[in-house]
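Scroll down for the structure; my scribbles are underneath it.
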C-alpha cells in the first residue's frame, strides 16, 4: 500500500515554464487536494476534488489548474511558473466519511528562478 | 474568512516540563485536526477531534476541543527531545466534512535536554 505518492520530489523551473506535479493514491479515496506551504506559514489550499470529474478552487488557486479524470490521480499544473510559486506542495487524500484521517504525500519542493 | 491562530509560534522547553499549545479559530466548526511535521518531511496526523468536549491522548500528547470557545489545545506532558517538531492545527469550516482545511501557522517546538 503506497498511500499518497507525489512526483517529482524536487524541481527547478525557469520563469514562464509550465509543468505538472503528479499525485496518485491507491486507497480509493474520494477526496483529494493540493496545498502549498511557504516558510512561516501553515498549508494553504490550492484546489480540491470530491470525486472523479469534480474539482473546485481553494484559497490560492491563481496560476494553477487541476483535473480529476480518475479516482486515483489528481495532477496539479503550473501554467506559467512565477517566482512566487516557489514553495513546497503537498497532495492529500481521504475517504468521504467525515472525520477520517487525511493522508499527505511526501511533498514536492519547487523552485522557480 | 476563517482565521486560525496558534500560540505560541515558537516554544523552547526543557525536558520533563509541561506545556500547552493553543489553537483559536474564528468560525463555527466541530472538526479540528492536529498534525506534526519534522523538518523537510510531510505531515503526520496526530489527532482528529470531531465534537465539542472531545479529548484524545497519545503518549505524552493530549488534545481537546471546545467548540463553544472555538479553542483547541495540545498539551505536552513531561516533554522529551523526540517531541521537537512543528505542530499544526487545522480546521474544517464547512461542518460537512468536505475537508477544505484552514491551517494555523504552526508552533515550532524545541525540547532542550
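The values are calculated or read from the model by the stated rules, or taken from the named source; none is laboratory data. The model shown is predicted, which means the values in this text are computed figures rather than measured ones. Neighbour counts run over all protein chains shown; Cβ positions are idealised from the backbone, glycine included.
Quickly run through the stretch A:17-29 and pick out the residues that are more than 18 Å from residue A:79 (Cα to Cα) and more than 11 Å from chain B (Cβ to nearest Cβ). A:24, A:25, A:26, A:27, A:28 - these are the residues of the stretch A:17-29 that are more than 18 Å from residue A:79 (Cα to Cα) and more than 11 Å from chain B (Cβ to nearest Cβ).
Any residue that is away from every other protein chain (no Cβ under 14 Å), free of Cβ contacts under 8 Å to residues at least 24 places away in the same chain and surrounded by fewer than 19 Cβ atoms within 10 Å (Cβ to Cβ) - is there at least one of those in the stretch A:30-51? No. Of all residues in the stretch B:12-53, those satisfying the criterion of being away from chain A (no Cβ under 11 Å) and over 23 Å from residue B:78 (Cα atoms) are B:24, B:25, B:26, B:27, B:28, B:29, B:52, B:53. Only a single item in (1) within 14 Å of chain A (Cβ to nearest Cβ); (2) in contact (Cβ under 8 Å) with a residue 60 or more places away in the chain; (3) over 21 Å from residue B:9 (Cβ atoms) is not met by residue B:56, and it is number (2). Residues that are within 16 Å of residue A:83 (Cα to Cα) number at least 1 in the following strands (runs of 3 or more DSSP E) confined to the stretch A:13-58: A:19-25, A:31-37. Scan the stretch B:83-93 for residues that are at pLDDT below 95 and more than 10 Å from every other protein chain (Cβ to nearest Cβ) and the total you get is 2. The set of residues from the stretch B:35-47 being within 14 Å of the chain's Cα centre (by Cα) and either farther than 10 Å from residue B:65 by Cβ or without any contact (Cβ under 8 Å) to a residue 12 or more places away in the chain (or both) comprises B:35, B:36, B:37, B:43, B:44, B:45, B:46.
Among the conditions (1) in contact (Cβ under 8 Å) with a residue 12 or more places away in the chain; (2) farther than 27 Å from residue A:96 by Cβ; (3) surrounded by fewer than 19 Cβ atoms within 10 Å (Cβ to Cβ), residue B:26 misses just one, which is (2). What are the residues in the stretch A:72-113 that are assigned to a loop (DSSP other than H, G, I, E, B), surrounded by fewer than 20 Cβ atoms within 10 Å (Cβ to Cβ) and either within 14 Å of chain B (Cβ to nearest Cβ) or modelled with pLDDT under 95 (or both), if any? Passing the criteria: A:79, A:95, A:96, A:97, A:98, A:99, A:100, A:101, A:106. Does residue A:62 meet the test of being in a loop (DSSP other than H, G, I, E, B), in contact (Cβ under 8 Å) with a residue 24 or more places away in the chain and surrounded by fewer than 17 Cβ atoms within 10 Å (Cβ to Cβ)? Against the criterion (in a loop (DSSP other than H, G, I, E, B), in contact (Cβ under 8 Å) with a residue 24 or more places away in the chain and surrounded by fewer than 17 Cβ atoms within 10 Å (Cβ to Cβ)), residue A:62 does not qualify.
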